[in-house]
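Here the structure comes first, spelled out in structure tokens, and everything after it is commentary.
Quick note: the coordinates plus some simple rules give every number you see, no bench work behind them. Fair warning: this is a prediction, and the values are worked out from it, not measured in the lab. Glycine also receives a Cβ, built like all others from the backbone with ideal geometry; neighbour counts cover every protein chain displayed.
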Amino acid sequence: MNLLAIETATAICSVACLKDDELVDKKEAMIPRKHAELLPEFLLGVAKNCPLSSVDGIALSIGPGSFTGLRIGLSFAKGLAFSRGLPLIPVPTLYALASAAIDKIEIFKIILYSHRDIVFHQDFQAKNTGITPTTEPDAAKWNDIQNRFGDYNKIFHYGCDALNTSSFDLLPVIPSAVAVARLARINYNTWVQSNPAELVPEYISPFEIGK
């Protein structure tokens, strides 16, 4: 199975193509507020080694994350899906971060910066059979989750260095379309959407203009 994957939930824009579990190509960079401009360029770059005619589905990071980034990524993915008659596979953003973060048996938390002192977070457990979420994704103020850091073997984050006033070391994890594609392949039968028009981003928390 060939999967094209898109990750635009943060300031990072990432496009990747996997054939089964083998990475064919990827293009990714930190490009704040330029996703709409550069996402087509990244796709064209990946398509040189992964022709769209060979793609069986399009995986995308569905949220939570940046409102603007999620809208751009989903709109772009829908356009490709409609034009090529391809299914979409929405991948929870925090789940993709978790799959990229760890490969041993542990209880851990994933935290993704949103705005001000607000973060998205979710708990996971890694077992021999794979990674599974143990809570639902949620949005919270940093101080509301920081006092429970001792409950976890490790804490992974993206964009939260400036918020951390605890004694715990936070381990960085970078959003990538590669993790999105691999998780989509594993969960294809459960997550695949045959009608892309019905798909909407998972925002989790209300957008606050000007904040």
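Worth a mention:
- Label-reachable residues, region 65-84, where backbone N falls under 17 Å from a point 7 Å from MET30's Cα toward its Cβ: 66
- Burial order of peptide ranges 124-132, 41-49 (average beta-carbon count within 10 Å, highest first): 41-49, 124-132
- Percent antiparallel among DSSP beta bridges (both partners in region 97-198, rounded to 5): 70 percent
- Each residue in CYS17, CYS160 was given a count of other beta-carbon atoms within 10 angstrom of its own, and listing them fewest first yields CYS160, CYS17.
- Shape analysis of region 71-174 places it in the oblate category; the axes a ≥ b ≥ c from the Cα gyration tensor give an a/c of at least 1.5, with a/b not above b/c.
- Least to most buried among VAL15, VAL178, VAL192 (fewest other Cβ within 10 Å first): VAL192, VAL178, VAL15
- For the chain: lysine pairs under 23 Å (alpha-carbon distance), excluding those fewer than 8 apart on one chain: 20
- Secondary structure note: in the chain, about 65% of the DSSP beta bridges are antiparallel.
- Between the beta carbons of LEU44 and ASP161, assuming R0 = 45 Å, the FRET efficiency works out to 0.85 to the nearest 0.05.
- In terms of surrounding Cβ atoms within a 10 Å radius of their Cβ, SER75, SER66, SER14 rank from fewest to most as SER75, SER66, SER14.
- The helix-based estimate of mean residue ellipticity at 222 nm for the chain, built from -39,500 (n - 2.57) per DSSP H run of four or more residues and divided by its residue count, is -8000 deg cm²/dmol to the nearest 500.
- The chain: relative contact order as a whole-number percent, Cα under 8 Å and 6+ apart: 25 percent
- For region 1-72, the square roots a ≥ b ≥ c of the C-alpha gyration tensor eigenvalues yield an a/c of 1.5 or more together with a/b exceeding b/c, which makes the shape prolate.
- Most mobile of THR134, THR93, THR190 in a GNM of the chain (Cα contacts under 10 Å): THR190
- Given (1) 0.99; (2) 0.96; (3) 1.08, the label whose value is Rg/Rh (Cα atoms, Kirkwood Rh) derived from this model: (2)
- Inter-site label distance for GLU198 and ASP56 at 7 Å from Cα along Cβ, in nm: 2.3 nm
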